[in-house]
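Below is one structure, written out as structure tokens; the observations come after it.
The values are calculated or read from the model by the stated rules, or taken from the named source; none is laboratory data. Computed from a predicted structure; not experimentally measured. Ideal geometry is used to build each Cβ from the backbone, glycine not excepted, and the neighbour counts take in all protein chains shown. Note: areas computed on protein heavy atoms with side chains; ligands, DNA, RNA excluded. Shrake-Rupley method; radii C 1.70, N 1.55, O 1.52, S 1.80 Å.
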Amino acid sequence: MKKVLVIEDERDLAELLAYNLEKEGYQVLITGNGLEGLETARRELPDLILLDLMLPGMMGTEVCSSLRHSDKTRAIPVLMLTARGDEIDRVVGFEMGADDYIVKPFSMRELMLRIRAIMRRSNQEGGNSERQISTGPVTIDCGSHRVTVDGTEVELTSTEFKLLLYLAEHNGRVMKRELLLQDVWGYNFVGDTRTVDTHVTRLRNKLGEAGDMIKTVRGFGYKLEE
Ligand code: CA
């Protein structure tokens with residue numbers, strides 16, 4: 001059974017989330033405190049974390065970046081729950097590494113669709129484990145989920161890894177933002193394409209000079225080209 005950790009201090013919302021997640025067949029762990037949430041994540045290694053931004057104990061942003069700095073928890077998908085629109089840029093911004101976000105108040109149905117997409121995506125990641133893709137100085141190892149640039153390892157989140165792999169698999173071809181949302185994020189509905197832009201920017205920064213291989217095609221999308 002897949003395990004979902006809910007870190008949310010609004011009790012009513014946390015309980016509503018737990019109710020809906022359990023109905024979907026997930027095992028649910030709840031905590032209303034950031035620090036406790038981080039400890040629970042490290043101990044339980046859930047398949048997904050729903051993380052509120054404003055939390056007592058430790059802010060959601062700090063929880064997220066702490067998760068990303070540890071080998072054990074780096075690949076756990078994190079979906080941020082954020083209250084205000086103006087925090088979005090920060091949420092999907094560079095320093096934190098959330099995989100996606102949803103703005104409160106959100107529809108439970110939309111949230112469940114996104115969660116299903118994330119779970120489907122992580123199920124697929126088991127395959128093709130022997131494969132290695134090299135493009136320019138970048139080598140992508142599908143088995144270990146490791147990426148190196150000129151032999152030096154680059155630490156990527158699961159979404160950044162999937163995005164890079166997808167662009168590399170379609171080397172030289174322009175991929176529309178909507179298509180990336182569909183194939184990398186697993187969305188079969190129209191999502192916010194800003195998520196794609198911020199992840200591409202973050203990925204470029206992490207790749208250093210090799211990041212220039214990811215080209216923006218204005219008004220359309222992205223392509224990877226040596
Ligand atoms: Ca809160």
Practice problem: Just need a number here: residues in region 1-43 that are polar (S, T, N, Q) and farther than 20 Å from P56 by Cα. | Solution: 2
Exercise. Would you be able to say whether some residue in region 25-33 is away from the ligand (no atom under 16 Å from the Cβ) and in contact with a Ser or Thr (Cβ under 9 Å, 6 or more places away or on another chain)?
Key: yes
Exercise. Determine the pairs where a residue that is free of Cβ contacts under 8 Å to residues at least 40 places away in the same chain, located within region 6-20, has a partner that is within 9 Å of the ligand (Cβ to nearest atom) and open to solvent by 10 Å² or more (accessible area, probe 1.4 Å) with Cβ atoms under 7 Å apart, the partner being 6 or more residues away or on another chain.
Key: R11/G32; A14/G32
Self-check item: The one condition in (1) in contact with a strand residue (DSSP E or B) (Cβ under 6 Å, 6 or more places away or on another chain); (2) within 24 Å of R114 (Cβ to Cβ) that R204 fails to fulfil
Solution: (2)
Quiz item: What is the one condition in (1) in contact with a Leu (Cβ under 6 Å, 6 or more places away or on another chain); (2) modelled with pLDDT under 95; (3) of a type in the set (A, V, I, L, M, F, W, C); (4) more than 14 Å from the ligand (Cβ to nearest atom) that V4 does not satisfy?
Solution: (2)
Quiz item: Of all residues in region 27-46 being open to solvent by 70 Å² or more (accessible area, probe 1.4 Å) and among the hydrophobic types (A, V, I, L, M, F, W, C), which is farthest from M1 (Cα to Cα)?
Solution: L35
Quiz prompt | Filter pass, L16 being within 15 Å of M108 (Cα to Cα), modelled with pLDDT of 95 or more, of a type outside the set (V, I, T) and within 16 Å of the ligand (Cβ to nearest atom) | solution = yes
Quiz item: Of (1) surrounded by 15 or more Cβ atoms within 10 Å (Cβ to Cβ); (2) closer than 30 Å to L21 by Cβ; (3) of a type in the set (V, I, T), T193 satisfies all except one. Which?
Solution: (1)
Quiz prompt | E10 within 15 Å of the ligand (Cβ to nearest atom) and either within 17 Å of P105 (Cβ to Cβ) or open to solvent by 10 Å² or more (accessible area, probe 1.4 Å) (or both) | solution = yes
